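Here is the structure we will look at, set down as structure tokens.
The values are calculated or read from the model by the stated rules, or taken from the named source; none is laboratory data. A quick note: this is a predicted structure, and the numbers were derived from the prediction, not measured. Glycine gets a Cβ as well: all are built from the backbone with ideal geometry, and neighbour counts include every protein chain shown.
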Amino acid sequence: MAKLTIDGVEYEVKDGRTILQALDDLGLLMNGVDVPHYCWHPKLTIDGSCRLCQVEVEGFPKLQIGCNTPVKDGMVVHTKSERVKHAREGVMEFLLLNHPLDCPICDQAGECKLQDYAFEYGVKHARTEEPRRALKKNVDLGPTIKFDQERCILCRRCVRFCREVPKTGELAVFNRGDHSVIETVPGMQLDNPYSMNVADICPVGALTTKDFRFKIRVWFLEEAPGICTGCSNGCNVYLGVANNKVYRYVPRRNDSVNDTWICDVGRMTYEEIGAPDRLKLPAVRSDSGVLEAVPFAKAIDAAAARLRSLVERKGAGVLAAVASAHASNEDLLVLARFLDAYGIRHSGVTVRRGDSDDLLVKAEKAANAEGARTLGFEEAGPLAKQIAGGGIDGLIVLGHDLLDPAYLGGERTLAKLDTVIVLDTHVSALERVAHVILPVRHAAEKDATYVNHAGRVQRSWPVVEPSFEAYADGEVISRLGAALGLPGFDGKFDVREVSRSLGAAAAAFRGIDLESVGEQGIPLAGKG
Amino acid sequence: MVISDAAREKIRAEMAKYPKPEGALLAALHLVQKQTGHISGETAQEIADLFGIHPIRVMEVVTFYNMFYDEPQGRHHVHVCTNLPCSLRGARELLRGLEAHLGIEAGETTKDGRVTLAHEECLGACGYAPMLRVDETYHENLDLAAAKRILDELE
């Protein structure tokens, strides 16, 4: 450990860190101690090219760049002195020399570090009358990114990102001095599974994603914390919300989960929230075999009536429940209680599997496979065989991963069942065989906890309201339990109360609930 | 293959001199360019393969330095210094005159592939301004007539 004094306050910092790294470790960088910077990024190698992070270090005749000056025990640093202020003004003036004054038409405006720092640390007037560099505009760098060469301040974050994180290295700086430009090599595209992160780390409007650019001004967005539910990694994100609509995901830093990155596939899953194929209307299949939209309460009553009639004829032994691993811990716990109370012995969890890599993308394409296993749900493979073989007459399905080729490979085998009750967020082939359909909420529409592949419990918040009637799976099952008159079910669903009883259901959850999980998540007992 | 086996051997020997083999990249580029005249995309790929790096890294270095070329060059390089002392002594007029004489602009190569004309920021011969460099040879204290004569004698 080393003692480091910054602006008169003494801190203990780890050995071998640079000044900016030490400030970042302390959580103080731009959050108590302002050392503006462009090229330095906590998850990339040090470049030292932007020169904006200069600070005064006692004993050094000249100002030092905070990003690349190692902390020495007893070091005394000043970040607010006149010399530092003067140096920042000088650097900002150089960075702005060739930057176009196109903020009004630039999509980065509002979240642009050049704008912010020019306002905060810059001089108010340009002293040059020479023409600015005229370079390429609106360049298609690849399938996801647009590039404006004139706005680039050559911090090289994108270049380093491509080399160091996906290790594809599509971008480089060509030429020298004031001829320097960032480009791809001719014939090569910026095309890798993490390409859109370059737009997040670009401090200016040089790199923007084709998906988000010009959709909405960022100052209209509320950046609400949440998690990506595209796979079992559970990357932390901010959901950009306005007008009760999610416009984008941007990665939210969590050093235990996703650092500061997210894969392109996961980033685009925000589209699922407001997708046109959301399941919107509760429905019941009529005697003539047609699905009819009915009020939610009627659909619940119809589901209860069908189940009751089946159980009277054949007993609860012919019932099964299959939950997809999209269901949250709270939803699954209520389902488990329902199964117990009703005496349903057949149950399991379905997880769609796909590609994975060694960075973020995990094979299990759902947020809560690990949570389901922790709560005692078994892999539904054998149960799917049993259903296909005709051993089951009534089925409650949460989500439609049961249709995946790994399980049933389609809905046809379900057509012969007496009762199929579907709780789902999106339209699927299940609707062709369902007798009762109950729309449920997406993770971004509810309080819920999920366990990622590494056993880290994370949570979602309700950041948008569905424009149609839908409830959390747990609430729907609670109401179904009450309609069936099951002991312990009064139709009420208090997600906080359910969350607090997770620890009683599975020891690994002890001491963990919605409130304690927080924005960064906490590991299950024994997974720390 | 653009790079000869002999050159490859030499490059490997250079790589052994540096703690990180990449340190030998400049030496390798000089070696290869001496044989090939310029570093094409194909050549960059071969060098990158030798070093186990991405060809884009090679092109970064090639475009950074003035004396590496990513396009075919003339048989002779004529570089006119246009930095301050040379300019004060008429280097810009000299360059204009040579452009007119050769019928090309600085940065271009004559149609017959004889001369590539370029301007250089500083060639470190301020005391003898204006001056130009033909390949490895300095010609100093020039006027336009003398410079034209030098160019005309090039094969």
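Given the residues A:VAL265, A:VAL250, A:VAL237, A:VAL241, which is the only one that is in contact (Cβ under 8 Å) with a residue 12 or more places away in the chain, assigned to a strand (DSSP E or B) and either aromatic (Phe, Trp, Tyr) or farther than 26 Å from A:TYR38 by Cβ (or both)? Selected residue: A:VAL241, the only one of A:VAL265, A:VAL250, A:VAL237, A:VAL241 that is in contact (Cβ under 8 Å) with a residue 12 or more places away in the chain, assigned to a strand (DSSP E or B) and either aromatic (Phe, Trp, Tyr) or farther than 26 Å from A:TYR38 by Cβ (or both). Scanning region A:317-347 for residues that are buried (at least 24 other Cβ atoms within 10 Å of the Cβ), touching a strand residue (DSSP E or B) at 6+ places or on another chain (Cβ under 9 Å) and either part of a helix (DSSP H, G or I) or β-branched (Val, Ile, Thr) (or both) yields A:VAL322, A:ASN329, A:GLU330, A:ASP331, A:LEU332, A:LEU335. Note on region B:21-49: among residues that are in contact with a Leu (Cβ under 8 Å, 6 or more places away or on another chain) and within 14 Å of chain A (Cβ to nearest Cβ), the one that is surrounded by the fewest Cβ atoms within 10 Å (Cβ to Cβ) is B:ILE39.
Looking at A:GLY230, A:GLY234, can you tell me which residue is touching a Gly at 6+ places or on another chain (Cβ under 9 Å), buried (at least 17 other Cβ atoms within 10 Å of the Cβ), on the phi > 0 side of the Ramachandran plot and away from chain B (no Cβ under 14 Å)?
Working: A:GLY230 fails: on the phi > 0 side of the Ramachandran plot.
Testing whether each residue is touching a Gly at 6+ places or on another chain (Cβ under 9 Å), buried (at least 17 other Cβ atoms within 10 Å of the Cβ), on the phi > 0 side of the Ramachandran plot and away from chain B (no Cβ under 14 Å) leaves just A:GLY234.
Considering (1) surrounded by fewer than 24 Cβ atoms within 10 Å (Cβ to Cβ); (2) over 30 Å from A:VAL165 (Cβ atoms), the lone condition that A:ARG353 does not fulfil carries the number (2). Listed by first and then second residue, the pairs linking a residue in region B:50-79 that is within 13 Å of chain A (Cβ to nearest Cβ) to a residue that is of a type in the set (Phe, Trp, Tyr), with Cβ atoms under 6 Å apart and 6 or more places separating them unless they lie on different chains, are B:VAL62/B:PHE68; B:THR63/A:PHE174.
Could you go through region A:170-184 and let me know if any residue there is in contact (Cβ under 8 Å) with a residue 60 or more places away in the chain and within 13 Å of chain B (Cβ to nearest Cβ). Steps first, please.
Filtering region A:170-184 for residues in contact (Cβ under 8 Å) with a residue 60 or more places away in the chain gives A:178.
When the remaining residues are screened for being within 13 Å of chain B (Cβ to nearest Cβ), the result is A:178.
Yes, region A:170-184 contains a residue that is in contact (Cβ under 8 Å) with a residue 60 or more places away in the chain and within 13 Å of chain B (Cβ to nearest Cβ).
When the test is whether a residue is away from chain A (no Cβ under 14 Å) and among the β-branched types (Val, Ile, Thr), B:THR109 passes it. Within region A:327-341, the set of residues being touching a helix residue (DSSP H, G or I) at 6+ places or on another chain (Cβ under 6 Å) and not polar (S, T, N, Q) comprises A:ALA327, A:GLU330, A:ASP331, A:LEU332, A:LEU333, A:VAL334, A:LEU335, A:PHE338. Would you tally the residues in region A:151-205 being surrounded by fewer than 21 Cβ atoms within 10 Å (Cβ to Cβ), among the acidic types (Asp, Glu) and part of a loop (DSSP other than H, G, I, E, B)? Going through region A:151-205 one residue at a time, the tally reaches 1. Taking each residue of region A:1-19 that is loosely packed, with under 14 Cβ neighbours inside 10 Å and looking for partners that are part of a helix (DSSP H, G or I) with beta-carbon atoms closer than 7 Å, six or more apart or interchain, yields A:LYS14/A:ASP25. A:THR184 meets each of the listed conditions (1) touching a helix residue (DSSP H, G or I) at 6+ places or on another chain (Cβ under 6 Å); (2) modelled with pLDDT under 95 apart from (1).
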